[in-house]
Amino acid sequence: MAKPTLKYLRPVILGALWLGVLVYMVWAGISVYRARRVRQVRSLEIEVVDSTSQGYLVTGRQVRSWIAQSGIGTIGTAVGEVDLHAIERLIARNGFVERVVAYVSDPGVLHVKISPREPLLRLLTDGMNAYVTSAGYVFAAPRASSLYVPVVTGSYRPPFPTDYVGDVRDYLDKRLRQCDERIAELERSKIPVYRREQTYENEYRMIRRERLKRRWWKGESAEAFDKRVEQLREKKAQARRTWRYRTRVIRDELERIDRQQEAELRKQKKLEKSYEDFMKLLTFVETVEEDDFWRSEVVQIAAYTTPSGALEVELTPRSGNYTILFGRLEEVDRKFDKLLRFYRNGLSTLGWDTYRVIDIRYDNQVVCKK
């Protein structure tokens, strides 16, 4: 009889132990929660994790100012009542912030850790003042920022508005979708035109099929019959003229819709080409920055949009008082190699101030102007 009793007693003991562990965990959780509700935030620490050594986009003092002006409770507020998500949203709404994490450590210290984006260049073109990352993310230059990255000037028009913040590809895809929707809308607008055309065609076909028979049973004379025949001919001629006019109106309307659709397609191609040039510009700046010599030699990059819509650049060098016409961002390595050979074999002998313009846009030649 002892064995069956022991058999049933073991699960009871294990269940009681697990119940005790569960009660303890609940009690510990409630205790921690109560302690957090009572304990207050003693200090605020801002950590800006700069991914670049070329300066800063934001300082801890600025972040403290944002939090203070927002009215979100921090120092002196109970730990459990601090709205950490609100702090993160407040800081993350700045486009140059890539990640932000807010948490409270045991001593009552509120930590805010910020990771800014790493810009590749700064655009100061056509009324724009924005930073751009190598992945094509654009954000407005923060006030009082001090970041030393290549600056692109000139009249270049990038494929996004001056106030845009975000991924350029996302903006482009949105514009392309709008064009697709517009094309589809125009295609749907053709349906009532086609129906109207079919109605006109059916009406004209019915008139063309009309035939006359002499009414012998009513004693219709030949003259009366000929008169009815002439009236029918005139009716058919009038119907033909009306049908031709309506057909021309329908054709013009469809052609007008087709032209609008073609304009949307051209707009899409222009957007894609503009984005392609923009990414070429980013790749070009990366090429310059990755080369020790050209990073030191190229002082300024000026970008221009030609009347045909193409992107061309000019370079201001450090070594002399001249301008380098680089042209389109194609065969970049070949152009730089050609320019470097000219530096070594030409300017080093002739003098660095001999020319005012050095043009490397053409194949296998360097054109200089004094």
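The values are calculated or read from the model by the stated rules, or taken from the named source; none is laboratory data. All figures in this text were calculated on a predicted structure; none of them were measured in a lab. Virtual Cβ from ideal backbone geometry, glycine too; neighbours counted across all protein chains shown. Calculation scope for accessible area: heavy atoms of the full protein, side chains included, ligands and nucleic acids excluded. Shrake-Rupley method; radii C 1.70, N 1.55, O 1.52, S 1.80 Å.
Values as computed for the structure displayed
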{"item": "Residue in the range 262-282 that is part of a loop (DSSP other than H, G, I, E, B), loosely packed, with under 12 Cβ neighbours inside 10 Å and not aliphatic (A, V, I, L, M) present", "result": "no"}
{"item": "Close pairs from the range 236-256: first open to solvent by 80 Å² or more (accessible area, probe 1.4 Å), partner part of a helix (DSSP H, G or I) and of a type in the set (Val, Ile, Thr), Cβ under 8 Å, at least 6 apart", "result": "none"}
{"item": "Qualifying residue in the range 306-326 (condition: assigned to a strand (DSSP E or B), open to solvent by 30 Å² or more (accessible area, probe 1.4 Å), touching a helix residue (DSSP H, G or I) at 6+ places or on another chain (Cβ under 9 Å) and over 23 Å from residue 160 (Cβ atoms))", "result": "no"}
{"item": "Residue selected from the range 133-189 under the condition of a type in the set (A, V, I, L, M, F, W, C) and modelled with pLDDT under 90, by the criterion nearest to residue 275 (Cα to Cα)", "result": "140"}
{"item": "Sole exception among (1) closer than 30 Å to residue 254 by Cα; (2) open to solvent by less than 40 Å² (accessible area, probe 1.4 Å) for residue 205, by number", "result": "(2)"}
{"item": "Any strands (runs of 3 or more DSSP E) falling wholly within the range 76-157 and containing at least 2 residues that are charged (D, E, K, R) and touching a strand residue (DSSP E or B) at 6+ places or on another chain (Cβ under 7 Å)", "result": "97-104"}
{"item": "Of all residues making up the range 190-224, the number that are over 15 Å from residue 237 (Cα atoms) and not in a helix (DSSP H, G or I)", "result": "7"}
{"item": "Hey, residue 124 surrounded by 14 or more Cβ atoms within 10 Å (Cβ to Cβ), modelled with pLDDT of 90 or more, among the aliphatic types (A, V, I, L, M) and under 21 Å from residue 278 (Cα atoms) or not", "result": "yes"}
{"item": "Yes/no for residue 74 being β-branched (Val, Ile, Thr) and either surrounded by fewer than 19 Cβ atoms within 10 Å (Cβ to Cβ) or under 30 Å from residue 286 (Cα atoms) (or both)", "result": "no"}
{"item": "Leading residue by the ranking (modelled with the lowest pLDDT) among those in the range 351-368 that are among the charged types (D, E, K, R) and either in contact with a Leu (Cβ under 8 Å, 6 or more places away or on another chain) or within 17 Å of residue 319 (Cβ to Cβ) (or both)", "result": "353"}
{"item": "Of all residues in the range 159-177 being part of a loop (DSSP other than H, G, I, E, B) and open to solvent by 20 Å² or more (accessible area, probe 1.4 Å), the one that is nearest to residue 115 (Cα to Cα)", "result": "165"}
{"item": "Cβ pairs under 8 Å, 6+ apart, first in the range 55-82 and closer than 19 Å to residue 113 by Cβ, second surrounded by fewer than 15 Cβ atoms within 10 Å (Cβ to Cβ) and among the basic types (Lys, Arg)", "result": "75/42; 79/37"}
{"item": "Selection count where residues are of a type outside the set (D, E, K, R) and over 25 Å from residue 154 (Cα atoms), scope the range 88-137", "result": "20"}
{"item": "Those residues of the range 147-195 which are more than 21 Å from residue 281 (Cα to Cα) and of a type in the set (S, T, N, Q), in sequence order", "result": "178, 189"}
{"item": "Residues that are among the hydrophobic types (A, V, I, L, M, F, W, C), more than 37 Å from the chain's Cα centre (by Cα) and in a helix (DSSP H, G or I), drawn from the range 327-370", "result": "342, 347, 350"}
{"item": "Restricting the range 203-250 to residues that are under 20 Å from residue 193 (Cα atoms), in contact with a helix residue (DSSP H, G or I) (Cβ under 7 Å, 6 or more places away or on another chain) and of a type in the set (A, V, I, L, M), the residue that is modelled with the lowest pLDDT", "result": "239"}
